[in-house]
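A short worksheet on the structure shown next.
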Amino acid sequence: MLAHLDLHKILFLDIETVPLYPNFEDASALEQQYFAEKTAYQRKDDFSAEEFYGRAGIWAEFGKIVCISVGYFSPQQNPRDFRLKTFKGEEAELLKEFKALVESYFNSTKHRFCGHNAKEFDFPFIARRMLIHQVSLPKSLQLFNKKPWEVPHLDTLHLWRFGDYKHYTSLKLMAHVLKIPSPKDDIDGSQVAEVYYKEEDIDRIAIYCEKDVVTVAQVILRLRNESLLSDNEITFSI
């Protein structure tokens, strides 16, 4: 499975997102109204919009990206050397830096992005936030009017579904069943906003994000029936 893929043409990635504001009351009255309307179906009568605001980071209209971590197999070194880089800081700037990397090194029709649940979350979230900041989209994210099967990128969730679109499997569960060391040894996604706003520890978030990128790459190796990366084959940037 996936034996035809050139691993050196894949940019593995993951993003971490948080609500636009530390607290619901920090948003404008209009933004609060729009958030309440957007989430009414999910909240029903169980939660107020304010109580639900901790989840605002899952929507590009109410959240922002605090880091993008990428990983790639370096063709200049040992073919299994896996290098990581994280873009963090002000969202507009990290998006521009990410775009510059993509356009410089991963810009051909043979290149692919790869993430977990990335076709439904990471890729569109990055594209939406780029447009909000008036950053033009790289060709790899110009996916307007493309059917799902026309999108060239890889998604480990979709690969694991084998066409069963009702099935959802988390990255940590895939890692467990495929006997890959779990990336969730510190924080999880539900804690990112607290670490960002209260602890102000972006490096801790970046480490968490980079570990997810490594796990996505390990999943691809497992699906190709190849051995996992060893610690000395992985170069973290944080």
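Coordinate-derived values only; no laboratory data. Fair warning: this is a prediction, and the values are worked out from it, not measured in the lab. Note: ideal-geometry Cβ built from the backbone for every residue, glycine included; neighbour counts use all protein chains shown.
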| note | Cβ density ranking, 10 Å radius, fewest first, applied to D45, D26, D81, D155 yields D45, D26, D81, D155
| Per-residue HN-Hα couplings for region 94-111, Karplus 6.51 cos²θ - 1.76 cosθ + 1.60 at θ = phi - 60°, whole Hz, x for Gly and Pro? | 5, 5, 5, 5, 4, 4, 4, 4, 4, 6, 7, 10, 9, 10, 9, 5, 8, 7
| said: Averaged across orientations, what area in nm² does the convex hull of the alpha carbons in region 1-81 project? | reply: 8.5 nm²
| query | What residue among D212, D201, D46 has the largest mean-square fluctuation in a Gaussian network model of the chain, using Cα springs under 10 Å? | reply | D46
| Projected area averaged over orientations for region 139-191, convex hull of C-alpha atoms, nm² | 5.6 nm²
| note | The ratio Rg/Rh over the Cα atoms of the chain, Rh being the Kirkwood inverse mean 1/r radius, stands at 0.96
| task | Return a whole-number percent for the relative contact order of region 69-147, with Cα pairs under 8 Å and 6 or more residues apart as the contact set. | result | 22 percent
| Gaussian network model of the chain, springs between alpha carbon atoms under 10 Å - residue of T156, T169, T109 with greatest fluctuation | T109
| request: Using every Cα-Cα pair within region 76-175, state what percent have a distance larger than 17 Å. | output: 60 percent
| request: Rounded to whole Hz and in sequence order, give me ³J(HN,Hα) for region 211-217 from the Karplus expression 6.51 cos²θ - 1.76 cosθ + 1.60, θ = phi - 60°, writing x for Gly and Pro. | output: 5, 5, 4, 4, 5, 4, 5
| said: Which of H133, H158, H167 ends up with the largest GNM mean-square fluctuation for the chain, with Cα atoms connected below 10 Å? | reply: H167
| query | Which whole-number value in Å³ per residue fits the convex hull of the alpha carbons of region 171-212? | reply | 53 Å³
| Cβ-based net charge around L94, under 12 Å, with every Lys or Arg adding one and every Asp or Glu removing one | +1
